[in-house]
Amino acid sequence: MDELRSEAKEIQSFLDITVSEQIEEVLERGAMLSAYIARTGKMRADAEYHRDLMLESQIINMLRDEAKLQLPANTVNKLVDAAIRDYNHLCTTCERLNRTATHQLDWCRTVVSNEKSMREATKGFDATPKSMRVNTPNDIFKEEEVF
């Protein structure tokens, strides 16, 4: 569980970095985000697995102790929830990291799409129709050579 926590902190640090809209940087970040989305999904599953193991253990322990203490079921539930709060926190953290990385990857896709649109628009804007071009002496000679 400590390994998951330290990895979650590392990923959180990466996600906290503000990125410019420079296309190379956005593409590099997008590649990293894709990997982090996969990783945080696995981390969440691992955290939930460990939480469920701890939950099972705590329930068994509480049921044994409850027989001795005669605690109400509501109190036993609260004690169990308190015993696994760190695991719940880790599960929530992994889920939020996954969601944040997904949103940031969507932003990267938008930046790349905008860049592509700008390049296509610029390319199309510079293309002057042939009927509107002014012929220079060099163009005239080129046309005559074709025949």
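Just so it is clear, none of the values below were taken in a lab; they were calculated from the coordinates. Here the structure is a predicted model, which means the values were calculated and not measured. Neighbour counts run over all protein chains shown; Cβ positions are idealised from the backbone, glycine included.
Count the net charge of all other residues whose Cβ sits under 11 Å from the Cβ of residue 91, scoring Lys and Arg as +1 and Asp and Glu as -1.
Taking every other residue near residue 91 into account, the sum is -1.
Stick to Cα atoms and the Kirkwood definition of Rh, then tell me Rg/Rh for region 24-120.
Ratio of gyration radius to Kirkwood radius: 1.32.
Could you give the Stokes-Einstein D for region 17-65 in µm² per second, using the C-alpha Kirkwood radius, 4 °C, 1.567 mPa s?
Stokes-Einstein gives a translational diffusion coefficient of 94 µm²/s.
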